[in-house]
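Undergrad: The structure under discussion is supplied below as structure tokens; questions concerning it will follow.
The values are calculated or read from the model by the stated rules, or taken from the named source; none is laboratory data. Keep in mind it's a predicted model, so treat the numbers as computed, not measured. With ideal geometry, Cβ positions are generated from the backbone for all residues, glycine too; neighbour counts draw on all protein chains shown. Side chains included, ligands, DNA and RNA excluded: accessible areas come from the protein's heavy atoms. Shrake-Rupley method; radii C 1.70, N 1.55, O 1.52, S 1.80 Å.
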Amino acid sequence: MSKNPLRIKQVHHIEFYVGNAKQADYYYRNAFGFSRIAYAGLETGNRDHCTYALQQGTFRLLLTTPYTPQGAISEHIKKHGDGVRDIALEVDDADHAWEIALSRGAVPVIEPHTVTDEFGTIRRGAVRIYGDTVHSFISFRNGRDNYKGPFLPGFIESQASGRGAGLLRLDHYVANVELGNMRVWEDWYKNVLGLERFMTFDDKDISTEFTALNSVVMANESKSIRFPINEPAPGKRKSQVEEYNDFYQGPGVQHIALLTNDIIRTIRRLRENGVEFLEVPDTYYEMLRGRVGEIEEDIATLRDLRILVDRDDQGYLLQLFTKPVEDRPTLFFEIIQRKGCQGFGKGNFRALFEAIEREQERRGNLV
Ligand code: FE2
């Protein structure tokens, strides 16, 4: 069996459906440091919705808002609040990817079709994944070099610089699914996309006194695409995954992890910009040296910025998690720097989940 049956190249972008894209554009530029590169909306002849395309490093984020209460975008926002609709995959041939995906059991959402403007042409289709989330398949006809526009056909150039926070690219993103469905989606990604299990965590790795979850990390052969899928595990109280699923009204993308090569500078900038992060207790830093051994960073600086550290046999990583970026306790971001370690911060799970539980408690959702 081919390791890459859909001939996936990379994640092309992630699209959020939001209630007010104009304000979200301002937030992601001024808080997270993205720059706007393109826009589509009334001024470009789109009378249904507008989309702002933002970029930092190689990661592209789309913010889409509908102009009317009718239609799928409004329904999505009504049900889920702001959240991820599409993890769009650039493929060699969107028609081929769509047909192979369907032949392997994927549910179609949009048939492959041509999108074109004066700058070039793409083919695009989409299949459904967990909840109301989709994977678009995008291919550039005759290769990417033949498309000369600012983002994708239908968009015009619209530049507004952000404050820059040193974020380089997507590291991973994480799905929360219902209890019992983690294996279902593991099988889906194996059978449809040809991904493989990269690592797993169970409730022995990821539990606190009150709550637990299971997680499986799926990856493609080159490891350029990898993402954990979480499900709640039985615990004394409602887990963070259940809280997410309750407020998102079903499964969806829980967090997006962005890579930096200078996490101290990045977190300092994001904090200056007003991004809110999970609180980490002082005791975490008292135990840090004993747990992770020698690291290049000054522990006092890490403590001031509340950055977490974890180590495996390959090296270490530094990471920190924002609070949810909507009023519903749903989607959040992770900032990560890797120094050899290819893991996901297993040694931090307990400290992290206890921090999340403190927030859940404040929200009245640790019941
Ligand atoms: Fe993560």
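Undergrad: How much length would be gained if the chain were fully extended between S222 and E43, taking 0.36 nm per residue of separation minus their Cα-Cα distance, in nm to one decimal? Please report the intermediate quantities before stating the final value.
TA: Numbers: separation 179, 0.36 × 179 = 64.44 nm, distance 4.06 nm.
Additional length available on full extension: 60.4 nm.
Undergrad: Which pairs in the list K204/K346; K3/K339; K3/K223 are over 18 Å apart, alpha-carbon to alpha-carbon?
TA: Details: K204/K346 11 Å; K3/K339 28 Å; K3/K223 12 Å.
In this structure, K3/K339 exceed 18 Å between Cα atoms.
Undergrad: Projected onto the charge dipole of the chain (+1 at Lys/Arg Cβ, -1 at Asp/Glu Cβ, origin at the Cα centre), which of L152, Y67, L179 gives the Cα projection farthest towards the positive end?
TA: L152
Undergrad: With the full set of protein chains in place, find how many percent of the accessible area of the chain is carbon and sulfur; take the probe as 1.4 Å. Write out the running numbers ahead of the final one.
TA: Working: 7300 of 15690 Å².
Taking all protein chains in place, the chain shows 47 percent carbon and sulfur surface.
Undergrad: How much FRET efficiency would the formula 1/(1 + (r/R0)^6) give for D312 and E361, where r is the Cβ-Cβ distance and R0 is 30 Å, rounded to 0.05?
TA: Values: r = 31 Å, r/R0 = 1.03.
With a Förster radius of 30 Å, E is 0.45.
Undergrad: State to the nearest 20 debye the size of the charge dipole of the chain about its Cα centre, where the only charges are +1 on K and R beta carbons and -1 on D and E beta carbons. Numbers along the way, then the final one.
TA: Values: 47 positive and 53 negative charges, 71 e Å.
So the dipole magnitude of the chain works out to roughly 340 debye.
Undergrad: Ok, one more. Can you compute the helix-only [θ] at 222 nm over the chain? Use -39500 (n - 2.57) per DSSP H run of at least 4 residues, normalise by all residues, nearest 500 deg cm²/dmol.
TA: On the way: 10 runs with 89 residues, N = 367.
Computed mean residue ellipticity for the chain: -7000 deg cm²/dmol.
Undergrad: For region 8-160, just say rounded, prolate or oblate: build the C-alpha gyration tensor, square-root its eigenvalues into a ≥ b ≥ c, call rounded for a/c under 1.5, and beyond that prolate if a/b exceeds b/c, oblate if not.
TA: On the way: a/c = 1.60, a/b = 1.18, b/c = 1.35.
Oblate is the answer for region 8-160, as a/c is 1.5 or above yet b/c matches or exceeds a/b.
Undergrad: What ranking do 106-114, 174-182 get when scored by the average of other Cβ atoms within 10 Å per residue, highest first? Walk me through the numbers on the way to the answer.
TA: On the way: 106-114: 14.6, 174-182: 20.4.
Sorting 106-114, 174-182 by mean packing, highest first, produces 174-182, 106-114.
Undergrad: Would you rank S158, S239 by solvent-accessible area, highest first, keeping every protein chain in place and using a 1.4 Å probe?
TA: Values: S158 25, S239 0 Å².
Descending accessible area places them as S158, S239.
Undergrad: How much length is gained on full extension from D203 to R144, taking 0.36 nm per residue of separation minus their Cα-Cα distance?
TA: Values: separation 59, 0.36 × 59 = 21.24 nm, distance 4.38 nm.
Stretched out fully, the D203 to R144 stretch lengthens by 16.9 nm.
Undergrad: Please compute the Kirkwood hydrodynamic radius over region 71-149, one decimal place, Å, based on all pairs of different Cα atoms.
TA: On the way: mean 1/r = 0.0743 Å⁻¹.
Computed over Cα pairs of region 71-149, the Kirkwood hydrodynamic radius comes out at 13.5 Å.
Undergrad: Please identify every one of the GluC sites (Glu not before Pro) in region 11-120 that sits in a loop by DSSP and has no more than 11 other beta carbons within 10 Å of its own beta carbon.
TA: Numbers: sites: E15, E43, E75, E90, E99, E118; in loops: E118.
Sparse-neighbourhood loop GluC sites (Glu not before Pro): E118.
Undergrad: If you don't mind, another one. What is the count of Lys pairs in region 8-160 whose alpha carbons sit under 26 Å apart, if the two are 8 or more places apart or on different chains? All intermediate terms of the calculation are to be shown ahead of the outcome.
TA: Numbers: K9/K148; K22/K78; K22/K79; K22/K148.
Step by step, the pairs that qualify in region 8-160 add up to 4.
Undergrad: So, one more: Multiply the residue gap between E279 and E111 by 0.36 nm, knock off their C-alpha separation, and tell me the result in nm, one decimal place. Please list the in-between numbers first.
TA: Values: separation 168, 0.36 × 168 = 60.48 nm, distance 4.47 nm.
Full extension of this stretch gives 56.0 nm more.
Undergrad: If ligands, DNA and RNA are left out, what is the accessible area of K236 with a 1.4 Å probe, given in Å² to the nearest 10?
TA: Ignoring ligands and nucleic acids, K236 comes out at about 150 Å².
Undergrad: To the nearest 20 debye, what charge dipole does region 97-217 have about its Cα centre, counting +1 at the Cβ of each Lys and Arg and -1 at the Cβ of each Asp and Glu? Walk me through the numbers on the way to the answer.
TA: Details: 13 positive and 16 negative charges, 86 e Å.
In debye, rounded to 20, region 97-217 gives about 420.
Undergrad: Name the residue from A165, G347, I206 whose Cα lies farthest towards the positive end of the charge dipole of the chain, charges +1 on Cβ of Lys and Arg and -1 on Cβ of Asp and Glu.
TA: A165
Undergrad: May I pose another question? Quick check for you: with a 1.4 Å probe and neighbouring chains kept, what is the accessible area per residue of the chain, in Å²?
TA: Values: 15690 Å² over 367 residues.
Per-residue value: 43 Å².
Undergrad: Kindly provide the GluC sites (Glu not before Pro) of region 242-328 that DSSP labels as loop, not H, G, I, E or B, and whose Cβ sees at most 14 other Cβ atoms within 10 Å. List each step's numbers first, then the result.
TA: Working: sites: E242, E243, E272, E276, E279, E286, E294, E296, E297, E326; in loops: E276, E279, E294, E296, E297, E326.
Here the sparse-neighbourhood loop sites are E276, E279, E294, E296.
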